[in-house]
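**Student:** This is the structure I want to talk about, given as structure tokens.
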Amino acid sequence: MRVDIVSIFPDYFAPLDLSLIGRAREQGLLRLAVHDLRTWTRDVHRTVDDTPYGGGPGMVMRPEPWGEALDALAPDELAPDGLTLPRLLVPSPAGVPFTQAMAHELATESHLLFACGRYEGIDQRVLDHASTRLRVTEVSLGDYVLFGGEVAVLVILEAVTRLLPGVLGNAGSLDDESHAHGLLEAPMYTKPASWRGHEVPEVLRSGDHGRIARWRRDEALTRTGTRRPDMIAALPPEILDKRDVATLERGGFPLPPGDVAK
Ligand code: JAH
């Protein structure tokens, strides 16, 4: 996968040299380049912002540098493979919610291009114009406001990169994790069995794999019911068996609408 990032603060992306993302880059699984938006300014002050039409506080990112940046990084001419037109992602509190499902979808793309806004955002015409050539998605990580899109890009890239073939050693760990099956995960423990007066639950030391699986399922259900009732309501009811229903009813959690499995 190829990834280009455009930002007025390229130093924010230093962590992408580290850890598993750094290794994915060294292995050639991820070809990542960070670009300074000011590369595409033409005035002596390398200005990227201006006052908003219609008035109001703050500044808006000028369209011209963004237009030139996107022209340079997503040229009109397709490469011979016909697959190099990138998907343009723009973090914004006004975007569509970023989810694990979207991370999986983005992990299938061959080229992602991230545009990091600052101030009150990017002139709307940049996205309107880009939409005539590229697939543009404004994406939100949650209902809060940051100084700019940089940290959101780090989050999105981490979620996507770990899904790329060859990046995670153990492929199995992707299947059971939270959000893979619509429930939060059961708590995890390691040695020692007793620590500062807190014990590892006996069932996990029993060696009885059936009991352990049932316990973990019940913990996942009750945790999700307590912390994320919205996720219980959104479960496909057919993934719940009779024992799941009994666990949810015991906890007083409402069942998702529809028929559960036998
Ligand atoms: C703030 C440009 N959903 C997280 C998020 C993403 C982007 C921004 N804020 C929050 C943001 C200012 C300018 C983007």
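**Student:** For the chain, what is the calculated [θ] at 222 nm in deg cm²/dmol (nearest 500), taking -39500 (n - 2.57) for each run of four or more DSSP H residues and dividing by its residue count?
**Tutor:** So the calculated ellipticity at 222 nm is -8500 deg cm²/dmol.
**Student:** So if I take the alpha carbon set of the stretch 113-262, get Rg, then get Rh from the Kirkwood formula, what is the Rg over Rh ratio?
**Tutor:** On the Cα set of the stretch 113-262, Rg over Rh gives 1.09.
**Student:** In the chain, how does Rg compare with the Kirkwood Rh, expressed as the Rg/Rh ratio over alpha carbon atoms?
**Tutor:** Result: Rg/Rh = 1.07.
**Student:** If amide H atoms are built 1.01 Å from N in the plane of the peptide, which residues on other chains or at least 5 residues away come under 5 Å of the amide H of S110?
**Tutor:** none
**Student:** What distance in nm lies between label points placed 7 Å from Cα along the C-beta direction at H45 and E68?
**Tutor:** Here the modelled spin labels are 1.7 nm apart.
**Student:** Of all the Cα-Cα pairs you can form in the stretch 189-262, what percent are over 20 Å apart?
**Tutor:** Value for the stretch 189-262 (Cα pairs over 20 Å): 40 percent.
**Student:** Just add up the charged neighbours of R125: K/R +1, D/E -1, any other residue whose Cβ is under 11 Å from the Cβ of R125.
**Tutor:** Within the 11 Å Cβ shell, the charges total -2.
**Student:** Report the gain in length on full extension from R2 to R205: 0.36 nm times residue separation, minus Cα-Cα distance, nm rounded to one decimal.
**Tutor:** 68.6 nm
**Student:** Sticking with this one: Taking Cα pairs under 8 Å and at least six residues apart, what relative contact order does the stretch 188-262 come out at, in percent?
**Tutor:** 25
**Student:** How large is the convex hull of the C-alpha atoms of the stretch 105-192 per residue, in Å³?
**Tutor:** Dividing the Cα hull volume of the stretch 105-192 by its residue count gives 158 Å³.
**Student:** If r is the Cβ-Cβ distance from H179 to E120 and R0 is 22 Å, what FRET efficiency results, to the nearest 0.05?
**Tutor:** 0.10
**Student:** Sticking with this structure for a sec: Of all DSSP beta bridges in the stretch 24-145, what percent run antiparallel (nearest 5)?
**Tutor:** Expressed as a percentage, antiparallel bridges in the stretch 24-145 total about 15.
**Student:** I would also like to ask the following. Percent antiparallel among DSSP beta bridges with both residues in the chain, to the nearest 5?
**Tutor:** Once the DSSP bridges in the chain are tallied, antiparallel ones form about 20 percent.
**Student:** How much FRET efficiency would the formula 1/(1 + (r/R0)^6) give for A246 and L29, where r is the Cβ-Cβ distance and R0 is 45 Å, rounded to 0.05?
**Tutor:** 0.50
**Student:** Turning to a different aspect of this structure: Ignoring ligands, DNA and RNA, what percent of the accessible area of the stretch 1-87 is carbon or sulfur (1.4 Å)?
**Tutor:** 54
**Student:** For the chain, what's the relative contact order in percent, using C-alpha pairs closer than 8 Å and at least 6 residues apart?
**Tutor:** 16
**Student:** Could you give the Stokes-Einstein D for the stretch 52-175 in µm² per second, using the C-alpha Kirkwood radius, 25 °C, 0.890 mPa s?
**Tutor:** Here the translational diffusion coefficient equals 155 µm²/s.
**Student:** Using the alpha carbons of the stretch 1-78, what is the convex hull volume per residue in cubic angstrom, as a whole number?
**Tutor:** Considering the Cα atoms of the stretch 1-78, their hull volume per residue is 133 Å³.
The values are calculated or read from the model by the stated rules, or taken from the named source; none is laboratory data. These numbers were taken from a predicted model, which means no experiment stands behind them. For neighbour counting, all protein chains shown are included, and Cβ atoms are generated from backbone atoms with ideal geometry for every residue, glycine included. Note: areas computed on protein heavy atoms with side chains; ligands, DNA, RNA excluded. Shrake-Rupley method; radii C 1.70, N 1.55, O 1.52, S 1.80 Å.
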